[in-house]
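Below you'll find the structure, written out as structure tokens, and then a few comments.
The values are calculated or read from the model by the stated rules, or taken from the named source; none is laboratory data. Source: prediction; values computed, not measured. Please note: Cβ atoms are built from the backbone with ideal geometry, for glycine as well, and neighbour counts cover all protein chains shown. SASA here: full protein model, heavy atoms, side chains in, ligands and nucleic acids out. Shrake-Rupley method; radii C 1.70, N 1.55, O 1.52, S 1.80 Å.
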Amino acid sequence: MQRYGWLAAAAATGVVMVLVSVVAGGSNAAPQTQPGDLPPLGQPVVVQEPGGGEPLSYGDTAAYDACALLSTRTLGDQGVRIDPGSSFIDSHLDGTVSPDAAVPQGGLDSISNCRYTLLGGDELSVTVQQTPFTTSDKVDQTRAWPQQNNAVVRHDRGLDVSSYRDGAGWTTVIGRPKLAVSINFDLRRPVYGDRDQHQFVLDVTRTVVDAVVAGPAGPAVYRHTGPFTGVKSPCQLLTADAFQQAYPDGPSSLVLEYADAGFAAVPQDDGETALRTSASCRRSNVVPDGALGPLYREIRLDMVVWDKPQWTVPRDRTDCGGSAVTLGVTLGDGASCLTDSGPSTWNLSFRTGRSVITLSTGGVAAGDRETVKRLLTPVARTIVARLR
């Protein structure tokens, strides 16, 4: 689940300025703000929290979650912070998959992936490959990377661990039979606190090894604070049962979620300033060969949330103007429409409360405009009900 190109579509147009710093380690203190006010400098806007509860299973295997292996709190303990102008990108299971449905996915897929951008532009990405989601051959190929790069492999509590230079960055591979966890480091600074790059890589690697040894945990969750307190995660809106209103066959337990780490200030024509943040969820089904298989289906939800409902009106006019086709059914608080966004891909747009929502689906199953309307309208109605 490492296909991120569609995330760019979630970015709103216009010149913006990020106003809030985000603390990687998080904070338990409630922001002292009124709706529409800016949180204090340094107060997190989106906080990543442990999912809690038992880990999810893929077949008979308890699944590791990449963001649980390396959390923002852990990064904060390492002395680094999330870039407030970046986004959390987190792919994972959000439901258990029964043994009879747990089939190997495509060669480009991993059971979980977590990507962070740090202040200064550094990036860290954790990828988990685990059978039976990933084929044994693919797991073994990843576990062989250190030997192919002539890197030293050490043994730690049943795991093979190696960290080595990989071009301009660093790569760590943590493996054992049926499991490979890779960490990719794109580091631009020579020193992190009182540590050089190599020591920083080793310290992060040690925390991930400890987490692997501790065992799988439930997926991370994301909570909005400040002007956006109470905003629901898009994957809590586009749930498995909502997805199955359009595509009823098979489990729909694979999600890729995105959330702005901070928010932006957007000048309005009347001289006021609107505050905006974005989040997205792509949900897909579990079928042989994953996205490469003929039975693969997905729905994407892009959500732009403003601090006040009135700021959604101009965006609604933009999304439902021009070549857009009015849907002809009532959804939310304004016009709802369909737009053709590419070969066999359609967007359904509507607004409700202070959110502007776009649902997308595509491929052979989606077909023409009327088919997409039939597939996505029930999903949209479910989302509107959950936002009220």
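Looking only at segment 254-275, count every residue that is touching a residue at least 60 places away in the same chain (Cβ under 8 Å), surrounded by fewer than 23 Cβ atoms within 10 Å (Cβ to Cβ) and closer than 22 Å to K232 by Cβ and tell me the total.
So the answer is 3.
Report yes if some residue within segment 150-168 is open to solvent by less than 60 Å² (accessible area, probe 1.4 Å) and within 22 Å of Y258 (Cα to Cα); otherwise report no.
no
From the list P177, P99, which residue is in contact with an Asp or Glu (Cβ under 6 Å, 6 or more places away or on another chain) and of a type outside the set (F, W, Y)?
Numbers: P177 fails: in contact with an Asp or Glu (Cβ under 6 Å, 6 or more places away or on another chain).
Among P177, P99, only P99 is in contact with an Asp or Glu (Cβ under 6 Å, 6 or more places away or on another chain) and of a type outside the set (F, W, Y).
What residue, of L93, L69, L56, is in contact (Cβ under 8 Å) with a residue 60 or more places away in the chain, open to solvent by 20 Å² or more (accessible area, probe 1.4 Å), out of contact with any Lys or Arg (no Cβ under 9 Å at 6 or more places or on another chain) and not basic (K, R)? It would help to see each step written out before you state the result.
On the way: L93 fails: open to solvent by 20 Å² or more (accessible area, probe 1.4 Å); L69 fails: open to solvent by 20 Å² or more (accessible area, probe 1.4 Å).
Of the residues listed, the single one that is in contact (Cβ under 8 Å) with a residue 60 or more places away in the chain, open to solvent by 20 Å² or more (accessible area, probe 1.4 Å), out of contact with any Lys or Arg (no Cβ under 9 Å at 6 or more places or on another chain) and not basic (K, R) is L56.
Residue check, V191 against (1) surrounded by 14 or more Cβ atoms within 10 Å (Cβ to Cβ); (2) within 26 Å of V80 (Cα to Cα), all met but one. Which one?
(1)
Check segment 131-144 and report whether any residue there is open to solvent by 60 Å² or more (accessible area, probe 1.4 Å), touching a Phe, Trp or Tyr at 6+ places or on another chain (Cβ under 9 Å) and either hydrophobic (A, V, I, L, M, F, W, C) or modelled with pLDDT under 95 (or both).
No, segment 131-144 contains no residue that is open to solvent by 60 Å² or more (accessible area, probe 1.4 Å), touching a Phe, Trp or Tyr at 6+ places or on another chain (Cβ under 9 Å) and either hydrophobic (A, V, I, L, M, F, W, C) or modelled with pLDDT under 95 (or both).
Please work out which residue is modelled with the highest pLDDT, limiting yourself to segment 175-223 and to residues that are over 16 Å from Q129 (Cβ atoms) and among the basic types (K, R).
R206
Being of a type outside the set (A, V, I, L, M, F, W, C) and without any contact (Cβ under 8 Å) to a residue 12 or more places away in the chain: is that true of R374 here?
For R374, the condition - of a type outside the set (A, V, I, L, M, F, W, C) and without any contact (Cβ under 8 Å) to a residue 12 or more places away in the chain - is met.
Residues of segment 326-336 being at negative phi and either surrounded by 14 or more Cβ atoms within 10 Å (Cβ to Cβ) or assigned to a strand (DSSP E or B) (or both), which ones?
T326, L327, L331, D333, G334, A335, S336
Scan segment 103-130 for residues that are farther than 22 Å from W170 by Cβ and surrounded by 21 or more Cβ atoms within 10 Å (Cβ to Cβ) and jot them down.
Of everything in segment 103-130, those that are farther than 22 Å from W170 by Cβ and surrounded by 21 or more Cβ atoms within 10 Å (Cβ to Cβ) turn out to be Q105, D109, I111.
Please work out which one of (1) in contact with a His (Cβ under 8 Å, 6 or more places away or on another chain); (2) in a helix (DSSP H, G or I); (3) among the β-branched types (V, I, T) is the condition V161 fails and give its number.
(2)
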